[in-house]
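**Q** Mind having a look at this structure? Questions to follow.
The values are calculated or read from the model by the stated rules, or taken from the named source; none is laboratory data. Bear in mind the structure is a predicted one, so any value in this text is a computation, not a measurement. Please note: Cβ atoms are built from the backbone with ideal geometry, for glycine as well, and neighbour counts cover all protein chains shown. With ligands, DNA and RNA removed, areas are computed over all heavy atoms of the protein, side chains included. Shrake-Rupley method; radii C 1.70, N 1.55, O 1.52, S 1.80 Å.
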Number of protein chains: 2
Amino acid sequence: MSKLATNRPTMNDVAAAAGVALKTVSRVVNDEPGVNPATADKVKAAIDALGFRRNDGARTLRRGHTASIGVVVRDLADPFYSTLTRAVEEVALTHGFLVFTGSSDESPSRQRELALAFCARRVDGVVIVPVGEDHLYLQPEIAAGVAAVFVDRPAANLDADAVLVDNVGGVRKGIEHLLAHGHRRIGFLGDAPDIFTAGERVRGYREALTSAGHIIDPSLISMASPTRAAVRAALDRMLGGPSPATALFTGNSRVTVAVLRELAEPPPEHVKRRRPALVGFDDFEVADLLSPAVTVIAQDPARIGRAAAELLFRRMENKNREVVRRELPTRLIVRGSGEMPP
Amino acid sequence: MSKLATNRPTMNDVAAAAGVALKTVSRVVNDEPGVNPATADKVKAAIDALGFRRNDGARTLRRGHTASIGVVVRDLADPFYSTLTRAVEEVALTHGFLVFTGSSDESPSRQRELALAFCARRVDGVVIVPVGEDHLYLQPEIAAGVAAVFVDRPAANLDADAVLVDNVGGVRKGIEHLLAHGHRRIGFLGDAPDIFTAGERVRGYREALTSAGHIIDPSLISMASPTRAAVRAALDRMLGGPSPATALFTGNSRVTVAVLRELAEPPPEHVKRRRPALVGFDDFEVADLLSPAVTVIAQDPARIGRAAAELLFRRMENKNREVVRRELPTRLIVRGSGEMPP
């Protein structure tokens, strides 16, 4: 591996081929004045003939920045995060920056390794969907000049820029919608309780019910990764008992899809189920084509990514500006599944 | 911007704090022998106290490679490409490599800019979903030692490693499936004809019909970007005439979803439509939850990405090995929409 890229033509090769001084080649490559046009043409011809390409890595490193940023999401294959990352890429490109990407898979150690590996390459900034309880390891990087913006969730113990979504308000809106359609027994299927957004969203569920004067029934709450077994067990409990839920709220699109897939299966023989009304957090492709079409509380991942990238570039310009925490709104999209009667 | 990262502690700062020579710090940082344990501990304590972090960018550049690769896809927000990219990331991480990503949006100039920008950062390799008719611009990079693997489509005029999918065979399998279910009038809705995979897939359609002794009816073929207007016009023509298509084959998941969305709308008053059978190229999330569930010819984007990354690392190890062109198979997934009678 250490022999890689060693047969690249150098500026010295160009100078020799054009019969000019190294400094002259450097002036042409860097668009500096002081070269007469005929000589410049000779240099350019040699550059083309040899396939010489300027080494931006070395150049930017000498200047002290690399015109690159690192993005660490939960899973780049998840459309929510890939759409968010694509939006970061768009903003970065307008600034002439390139983007490193990495997926943490909800592992704090993998996230830390990725973020520090990006910093070791001297990225100018990082956009991170934080995992775990400790992000202090980024403090020396930030102190050294790396801009950091947290997205989807705040950093655990670091006062840094963040772009979040109004999770509590979004869920409240969804639960109030189900209440307005006559539902009183509303099940909540969230994600693993240590995920920040999962915690916020179940809080929204509790607040909406409490504000409306209803009592929280813990048997109607399930906080677990949406494995098939966990979703099936939760649905059997919530829909199969003597006083079943007539509506469900699902805490993110992975949960929504897992629940819809389970509801499409015939229930076990001893369980009698009516199709419950359903509102899901997060929009997803073809939610409008299902029967019934799925009512959702939509976030806008492209807008989240754009906002994060814009904050990041403002932070690069001014390390000393006040820490900003933006909270983006959600939108109720009524499609049918959330308007079914109890 | 040029002041970025200037307040990072340097090895000189560490040497001063630990009261040792610069060379000693360098030995500790690079795990070189010749430092006694007590001194090494003093250096490590100073490193922790100052928050010193080795500059991997400078270090790898001096060695002539950067332990990074660049991935240029059509659109990172598209689940097919984000799943492919995620798989590349996984393989790269096992080699200790980081991944730059970028989206071409089917623009040859944007793709060229991204690929050359990655090369200018001295990535060790690039994985590219090629766009356009000319990829010769990569020849000097490859000659200089950059490994290149093309994916989903071959490079236009460059003999380079590629990972493709058996598009012709996949479509033939889908059309033969529809023929076996009694369909004779089968419409084909592809994508823009200048996209390699779109051309291959319509070729599979023609071959399957011709091999089975049927005549190609050009009015049953539409090759256009799946805008709403284009899809609507094609469906009105194929399904509304006196001898309507009884089945459709859609050339990728973007087309499939656009067609399903259009079929869900009531047709214009003068058009009488029966729901056609449908087989789509590409699987997509919740295809199994639609009514009818969608029969597809599935590619495996994670496998494609993995195969591309593995080829890339083999190419890095040996620039002179023979050019490899792998073609991955597709899989027919029977779900209901492709088994409806004429």
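**Q** Have a look at A:Ala208, A:Ala156, A:Ala198, A:Ala160 and point out the one that is more than 22 Å from the chain's Cα centre (by Cα) and among the small types (Gly, Ala, Ser).
**A** Testing whether each residue is more than 22 Å from the chain's Cα centre (by Cα) and among the small types (Gly, Ala, Ser) leaves just A:Ala208.
**Q** Can you list the strands (runs of 3 or more DSSP E) found entirely within segment A:123-230 that contain at least 2 residues being open to solvent by 20 Å² or more (accessible area, probe 1.4 Å)?
**A** Filter on segment A:123-230 gives A:221-223.
**Q** Kindly indicate the residue of segment A:49-64 that is more than 7 Å from chain B (Cβ to nearest Cβ) and at pLDDT below 75 and also least open to solvent (accessible area, probe 1.4 Å) among those meeting that condition.
**A** Here the residue is A:Thr60.
**Q** Also, quick follow-up: Take the residues of segment B:97-112 that are more than 7 Å from every other protein chain (Cβ to nearest Cβ) and touching a strand residue (DSSP E or B) at 6+ places or on another chain (Cβ under 9 Å): which is most open to solvent (accessible area, probe 1.4 Å)?
**A** Among those residues, the one meeting the criterion is B:Arg110.
**Q** Shifting gears a bit: Only residues that are more than 18 Å from B:Ala92 (Cα to Cα) and surrounded by fewer than 24 Cβ atoms within 10 Å (Cβ to Cβ): list them for segment A:65-85, please.
**A** Within segment A:65-85, A:His65, A:Thr66, A:Ala67, A:Asp78, A:Pro79, A:Phe80, A:Thr83 meet the criteria.
**Q** Within segment A:105-119, can one find any residue that is within 25 Å of B:Leu138 (Cβ to Cβ) and not charged (D, E, K, R)?
**A** no
**Q** For residues in segment B:86-96 being at the interface with another protein chain (Cβ under 9 Å from one of its Cβ atoms) and within 15 Å of A:Phe118 (Cα to Cα), which is least open to solvent (accessible area, probe 1.4 Å)?
**A** By that ranking, first place goes to B:Glu89.
**Q** For segment B:273-295, which positions are hydrophobic (A, V, I, L, M, F, W, C) and within 13 Å of chain A (Cβ to nearest Cβ)?
**A** B:Leu278, B:Phe284, B:Val286, B:Ala287, B:Leu289, B:Leu290, B:Ala293, B:Val294
**Q** Another question, then. What is the one condition in (1) more than 7 Å from chain A (Cβ to nearest Cβ); (2) touching a residue at least 60 places away in the same chain (Cβ under 8 Å); (3) at negative phi that B:Ala115 does not satisfy?
**A** In the conditions (1) more than 7 Å from chain A (Cβ to nearest Cβ); (2) touching a residue at least 60 places away in the same chain (Cβ under 8 Å); (3) at negative phi, B:Ala115 misses (2) alone.
**Q** Also, quick follow-up: Has segment B:264-277 got at least one residue that is at pLDDT 95 or above and in contact with a Lys or Arg (Cβ under 6 Å, 6 or more places away or on another chain)?
**A** No: zero hits.
**Q** Next question, about the same structure. Quickly run through segment B:297-342 and pick out the residues that are closer than 20 Å to B:Arg254 by Cα, open to solvent by 50 Å² or more (accessible area, probe 1.4 Å) and either of a type in the set (A, V, I, L, M) or modelled with pLDDT under 95 (or both).
**A** Across segment B:297-342, the qualifying residues are B:Leu332, B:Val334.
Okay, residues lined up against (1) open to solvent by less than 40 Å² (accessible area, probe 1.4 Å); (2) under 28 Å from A:Thr330 (Cβ atoms); (3) in contact with a strand residue (DSSP E or B) (Cβ under 7 Å, 6 or more places away or on another chain):
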position: A:Leu248; (1), (2), (3): yes, yes, yes
position: A:Ala258; (1), (2), (3): yes, yes, no
position: A:Glu269; (1), (2), (3): no, no, no
position: A:Asp282; (1), (2), (3): yes, yes, yes
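**Q** Of the conditions (1) open to solvent by less than 20 Å² (accessible area, probe 1.4 Å); (2) under 25 Å from the mean Cα position of the chain (by Cα), B:Pro276 satisfies every one except a single condition; which number is it?
**A** Here B:Pro276 clears every test but (2).
**Q** Another question, if that's okay. Quick test of your reading of the structure: A:Asp75 fulfils all but one of (1) of a type in the set (D, E, K, R); (2) more than 17 Å from A:Ile304 (Cα to Cα); (3) outside any helix (DSSP H, G or I); (4) within 9 Å of another protein chain (Cβ to nearest Cβ). Name the failing condition by number.
**A** Looking at each condition in turn, A:Asp75 falls short on (2).
**Q** Now a separate question. Among the residues of segment A:99-113, write down those that are part of a helix (DSSP H, G or I) and either more than 20 Å from A:Leu311 (Cβ to Cβ) or not assigned by TED's automatic domain parsing to the domain that holds A:Ala160 (or both).
**A** If the condition is that a residue be part of a helix (DSSP H, G or I) and either more than 20 Å from A:Leu311 (Cβ to Cβ) or not assigned by TED's automatic domain parsing to the domain that holds A:Ala160 (or both), then A:Pro108, A:Ser109, A:Arg110, A:Arg112, A:Glu113 are the ones that fit.
**Q** Looking at segment A:62-95 only, could you name the residues that are under 16 Å from A:Arg122 (Cα atoms) and not aliphatic (A, V, I, L, M)?
**A** A:Arg62, A:Arg63, A:Gly64, A:His65, A:Thr66, A:Ser68, A:Gly70
**Q** Within the set of pairs 6+ apart or on separate chains, which have a first residue in segment B:144-165 that is at positive phi, a second that is part of a strand (DSSP E or B), and C-beta atoms under 8 Å apart?
**A** Pairs that qualify, where the first residue is at positive phi and the partner is part of a strand (DSSP E or B), are B:Asp152/B:Val163; B:Asp152/B:Leu164; B:Asp152/B:Val165.
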